[in-house]
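What follows is a single structure, written as structure tokens, with notes after it.
Since every read-out is calculated from the coordinates, none of them should be taken as a lab result. Every value quoted in this text rests on a predicted model; they were computed, and no experiment measured them. Glycine gets a Cβ as well: all are built from the backbone with ideal geometry, and neighbour counts include every protein chain shown.
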Amino acid sequence: MKKFLIALAFLAVASLQTEAQAAFVIGNQAFVSTATVTVPPGGTIASTKFTMAFATLGGGTNQTGDFAVIPEVASFTNTLDTTLPLAFVFGNAAFGFFTPAVVLNNSLIPGTSRTYAVSGSWVPGTDFAWKPGTVTPAKLTITINQTGAALSASATFATAAPSVPEPATIVMLGTFCVPVAFGWMRRRRLSK
């Protein structure tokens, strides 16, 4: 029995030595809106639809991880609709397209600001040619500020690989669970 458990643990360790090479794009990208209007025109920060022309902010902490090695993407215009169900797209063919799934924050300070954060999935565009078509979990946070009748906006886009257990955790789980299971089965057999 002891030899069997040692062999099982050895096989578990050996099988986990190969790492999965997921091609996720990891990092952060900051954006600024060069033009922000509400839909319909004349609305305020309390509106639920905004049209924004976004441009990337490059350099420093504005681009981290994989985003730091790409050139600044051309600006793009998207309409943000904060009503449910979510029906907006963020991005373009060069940057890629973010599709929202879950609202994390939709807070409003009337006459001052609105923060809108969503999580979803992102498929990188042509600027990320070395990682084509990889669906990556992402979070988009847009902050819209109002000063009088003028609106301004900024956005932070963050991606991360999905969390998976480390190989050591899986080995530890197998190392402890397998003997417990065998002990339980043996005890059950002996008690009959």
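For a Förster distance of 25 Å, can you work out the FRET efficiency between the beta-carbons of A87 and V135, rounded to the nearest 0.05?
That pair, A87 with V135, gives E of 0.85.
Using the Cα gyration tensor of the range 27-159, with a ≥ b ≥ c the square roots of its eigenvalues, what is the shape: rounded (a/c below 1.5), prolate (a/b larger than b/c) or oblate (neither)?
prolate
What ranking of R189, R114 emerges when the number of other C-beta atoms within 10 Å of each C-beta is taken as an exposure proxy, fewest first?
Least to most surrounded, the residues fall as R189, R114.
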